[in-house]
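Please read the structure below before turning to the comments.
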Amino acid sequence: MLEWFKRLNLLSGRSGIVFILICLFPVAGLSGQGLFDFDAALLERVEKKYDKAAVKRLKDLTALVKDKAKGSEMDRVKYANDFFNKVPYYSDIVHWKKKDYWATPLEKLDSHGGDCEDYAIGKYFALRELGVDQKKLRIMYVKAIEWNEAHMVLTYFPKENEIPLVLDNINKKLLPANKRKDLVPVYSFNAEGLWLAKARGTGKRVGSSSKIKLWADLQKRMQDF
């Protein structure tokens, strides 16, 4: 996470934005297609590689999607936030032995750990499976002032151009972005675009696609499992 954040800061000028957009490329969206309907063969592989507890976590995710899909949208947001926040935090270098690794929701739950981007990514895909329009969801890079380090959260816009709610693993309460003075927004993205986020609102759109290489690699792994 820190390595990618450093690169974003170095690319904060206009030429940097162009460079980022050149590195982006479209990948088919993964959501709303039974993404978390894990078959018996996959669950068997997970049990052999990890344990029965990992299988239970995947089944719990499937149950979450099936049970909560008919609830109110705000309930779905709360359930997804709470579900992934129960997973222990570990840095990439400790958990994955890599400086920067974006885990799929499957990898995060199987291994029972991950860092900030893994929480945001897990919540994003869970809410997409729960029927939340991706226009309302953005994964956002921020600076956590109290920790003096890069951080990632998921933001949810109840209505267009409203101040979004922040889904965070540090402060687990759902709060409007303007109440999170401890976070300084930098960039945000979803499957539809990339935004320069200089304010705690929608920010300025700077591209038509937000698929950076780490994001594309993550989605390929999701398709392959």
Any hit, the stretch 170-178, residues being surrounded by 20 or more Cβ atoms within 10 Å (Cβ to Cβ), of a type outside the set (Phe, Trp, Tyr) and assigned to a strand (DSSP E or B): no
Scope the stretch 64-108; condition among the aromatic types (Phe, Trp, Tyr) and over 19 Å from residue 221 (Cα atoms); matching residues: 79, 83, 84, 89, 90
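Could you pull out every one of the helices (runs of 4 or more DSSP H) wholly within the stretch 60-143 that has 3 or more residues that are surrounded by 24 or more Cβ atoms within 10 Å (Cβ to Cβ) and of a type in the set (Gly, Ala, Ser)?
Working: elements: 73-85, 92-95, 105-111, 116-129.
Here the list reads 116-129.
Return a yes/no flag: does the stretch 68-85 have any residue that is charged (D, E, K, R), farther than 18 Å from residue 120 by Cα and within 20 Å of the chain's Cα centre (by Cα).
yes
A short reminder: the numbers here are calculations on the coordinates, not readings from a lab. Values in this document were obtained by computation on a predicted structure and should not be read as measured data. Using ideal geometry, Cβ is built from the backbone for each residue, glycine included, and neighbour counts are taken over all protein chains shown.
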